Amino acid sequence: MSRAAAALLTALLAAPAFAEISEDFAIRHYDVDARKGRSLNDAVVASSPITATGASGRRFHGYTDWYIKWTWRHRYEADGRCRITSVNVSLTGSILLPRLTGGTATQHATFDRYLTALREHEEGHRRIAQEAARDIERTLLMLPEYPDCRQLEAEANTRARARLDAHLEREKAYDRDTSHGRTQGAVLRD
């Protein structure tokens, strides 16, 4: 083997793993029929398709749903050892928000202020999802070489799930800390 070929082979073996995060997030709406003399909050609650699971059945005005999938490529070494060479993390999700139909100019002005705050709250959920995707990517890229690919796969999935669970807990804390956006101004008072 020539020195140039040996140098290229050494560089390729020492090269860091490649990573890619893709994101596909949609904004969706449900219609809220506002009528003069009817509370905007009552109209949103009556129209919202978002209900809490469990006994409470509480209705929410907005919702962010997300899902993270991770895959990787690995390299088998001659002695059976295995390491990750590339990581792909995909984040898909949607934000569901109310959209006012009908109503007075005053109702629209009130609703627009409220919707800005509600959207900002839901974007906070999206940012947590984006951080989770980046965290999973980093976690997988930092995995060391393992004695075999079966062990690598088990450890990679265990660590990625643990990072995902940590961010799901952060999301619950975010809702608790903001009272589901109320402390951020996502409150309809009319």
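The values are calculated or read from the model by the stated rules, or taken from the named source; none is laboratory data. In this text the structure is predicted, and so the values were computed from the model without any measurement. Cβ placement follows ideal geometry from the backbone for every residue including glycine, while neighbour counts extend to all protein chains displayed. Only protein heavy atoms, including side chains, enter the accessible area calculation; ligands, DNA and RNA are left aside. Shrake-Rupley method; radii C 1.70, N 1.55, O 1.52, S 1.80 Å.
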request  = Return the label of the correct value of Rg/Rh (Cα atoms, Kirkwood Rh), as calculated from the structure shown, out of (1) 1.79; (2) 0.98; (3) 1.20.
outcome  = (3)
³J(HN,Hα) computed for each position of segment 25-41 - Karplus, 6.51 cos²θ - 1.76 cosθ + 1.60, integer Hz, glycine/proline x = 10, 10, 9, 10, 9, 10, 7, 10, 8, 8, 10, 4, x, 10, 4, 4, 4
request  = Would you mind checking which residues have amide H under 5 Å from H74's amide H? H placed 1.01 Å from N; only 5 or more apart, or other chain.
outcome  = T85
request  = Give me the accessible area of H29, 1.4 Å probe, in Å² rounded to the nearest 10.
outcome  = 80 Å²
message = I'd like the carbon and sulfur percentage of the solvent accessible area for segment 93-169, probe radius 1.4 Å, heavy atoms only, ligands and nucleic acids excluded.
response = 51 percent
key: Dipole-positive endmost among G93, L141, A156 within segment 48-177 (Cβ charges, Cα centre)   = G93
task = For the chain, find the longest principal axis of its Cα atoms and tell me its angle to the long axis of helix 105-141, 0 to 90°, nearest 10.
result = 10 degrees
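What's the FRET efficiency of R75 with A52 using the Cβ-Cβ distance as r and R₀ = 45 Å, to the nearest 0.05? Write down the numbers at each step before the final one.
Values: r = 46 Å, r/R0 = 1.02.
Once the sixth-power term is evaluated, E becomes 0.45.
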inquiry  = Between D177 and H29, what is the label-point separation in nm under the 7 Å Cα-to-beta-carbon projection?
reply    = 3.1 nm
